[in-house]
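A short write-up of the structure that comes next.
What follows is calculated from the coordinates using simple rules that are stated; it is not laboratory data. Quick caveat: nothing in here was measured; it's all calculated off a predicted structure. Backbone-built Cβ (ideal geometry, glycine too); neighbour counts: all protein chains shown.
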Amino acid sequence: MLALITGGTSGIGAAFADVLAARGDSLVLVARDAERLRAKADELQAAHGVPVEVLQADLAVRADLLRVAERCAAGDLDMLINNAGFGLHAGLLAEDWSIHEKALDVMCLAVLVLGGAAGRAMKARGSGRIVNISSLASWIAQGHYSPVKAWVRSYSEGLGDELHGSGVTVTAVCPGWVKTEFHERAGIRTSSIPEWIWVDAHKMAAIALSDVEKGASISIPAKRWRVAAFLARHAPRAAVRMVSRMLTKSRA
Ligand SMILES: NC(=O)c1ccc[n+]([C@@H]2O[C@H](COP(=O)([O-])OP(=O)(O)OC[C@H]3O[C@@H](n4cnc5c(N)ncnc54)[C@H](OP(=O)(O)O)[C@@H]3O)[C@@H](O)[C@H]2O)c1
């Protein structure tokens, strides 16, 4: 099996790469940092003896995105994991909205363009898996990050419906808190987040992949996160907004 993973050099994307390579799958890794890409590819090849191709690309740059889309359209991918992304805690009133534009480019537009390219090729072949990394935050109300991740979840359901019966499945994975470079890169304080809430990236990747194999449209890959998602979906929205405000305050 051949899987393309965006953001496959760190955190959740790297964990998916490790789990897939360990079961003998071939990979295409996409990220901006060429040195890190090469190092991750060498590490996986040495540890598991699988072929790993690298594609250096900044998904916020249109020409780079089109190159990755071309790779997705080649027709040999069995799985696409749209994972690249970053934490976002710039306010919605910020005059400088460049980071919001970048978030839409990397976490929405790139997901749409790569999902379309891979989806068309997979549909023609009659099989394939598309995996989009959303978040538990998609059910709450945290600044711009929640709407971006709600878009990913909603888009995944729409794409899954369009591909229904084609042999291609689409899964939105909704993780809660995972220790990666995400929080540090975005300057998000994590000291107030209790230890028990965190889930290991490899553990969650393995559970998510088993949901993907079952063709699940949504995967919430930990019991504690499923409880949180249930509460966020069923509690009064005013309570959800209050908790969202508390969470946002605790991260600043
Ligand atoms: N960590 C959590 O608690 C958590 C929870 C829910 C959802 N998520 C989601 O999980 C996904 C992965 O996050 P993570 O926690 O694993 O973060 P991470 O450790 O910071 O990894 C992010 C990955 O994305 C790549 N990337 C970032 N911007 C890119 C761009 N413009 N073009 C191409 N690649 C780019 C990075 O490589 P380069 O820097 O080399 O480009 C890196 O490989 C994100 O979509 C995030 O929203 C994370």
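Taking a threshold of 28 Å on the Cα-Cα distance, which of the pairs Lys40/Lys123; Lys149/Lys203; Lys102/Lys214; Lys102/Lys179 fall above it?
Details: Lys40/Lys123 30 Å; Lys149/Lys203 21 Å; Lys102/Lys214 33 Å; Lys102/Lys179 23 Å.
Too far apart for the 28 Å limit: Lys40/Lys123; Lys102/Lys214.
Using the Karplus curve 6.51 cos²θ - 1.76 cosθ + 1.60 with θ = phi - 60°, what ³J(HN,Hα) values do you get for each residue of region 83-89, in whole Hz, with x for Gly and Pro?
For region 83-89, the Karplus-derived couplings read 10, 3, x, 7, x, 9, 10 Hz, x marking Gly and Pro.
Taking 7 Å along the Cα-to-C-beta vector as the label spot, tell me the Glu181-Leu92 distance in nanometres, rounded to one decimal.
3.0
In nm, to one decimal, how far is the Gln45 label point from the Lys214 one, both placed 7 Å along Cα→Cβ?
Roughly 3.7 nm, to one decimal.
In region 131-236, what trypsin sites (Lys or Arg not before Pro) fall in a loop by DSSP, with at most 10 other Cβ atoms inside 10 Å? Display every interim value, and only then the final one.
Details: sites: Lys149, Arg153, Lys179, Arg185, Arg189, Lys203, Lys214, Lys223, Arg224, Arg226, Arg233; in loops: Lys179, Arg189, Lys214.
Of the trypsin sites (Lys or Arg not before Pro), the ones in loops of region 131-236 whose Cβ has at most 10 other Cβ atoms within 10 Å are Lys214.
Is any residue of region 36-57 close enough, with backbone N under 15 Å, to a label point placed 7 angstrom from the Cα of Ala124 along the Cα-Cβ axis, and if so, which?
Once the point is set 7 Å along Cα→Cβ of Ala124, nothing inside region 36-57 turns out to lie under 15 Å by backbone N.
When each pair of different Cα atoms in the chain is counted once in the 1/r mean, what is the Kirkwood radius in angstroms, to one decimal?
Working: mean 1/r = 0.0545 Å⁻¹.
So the Kirkwood estimate lands at 18.4 Å.
Quick one: 3J(HN,Hα) in Hz for region 228-241, Karplus 6.51/-1.76/1.60 with θ = phi - 60°, rounded, Gly and Pro as x.
4, 5, 4, 4, 5, 7, 10, 6, x, 4, 4, 5, 5, 5
To make sure I understand, if each residue's beta carbon is the centre and we count other beta carbons within 10 Å, what order do His183, His164 fall in, fewest to most? Present the calculation step by step, with values, prior to reporting the outcome.
Values: His183 18, His164 11.
Lowest count first: His164, His183.
Listing Trp198, Trp225 from the residue with the fewest other Cβ atoms within 10 Å to the one with the most, what is the order? Intermediate values should be presented prior to the final figure.
Values: Trp198 15, Trp225 20.
Going from sparsest to densest Cβ surroundings: Trp198, Trp225.
Percent relative contact order of region 2-251, based on C-alpha pairs within less than 8 angstrom and at least six residues apart?
Working: 449 pairs, mean separation 45.6, N = 250.
With pairs under 8 Å counted, the relative contact order is 18 percent.
List residues of region 63-95, by number, whose backbone nitrogen lies under 15 Å from a label position 7 Å along Cα→C-beta of Ala34.
Residues 64 qualify, since their backbone N sits under 15 Å from the label point.
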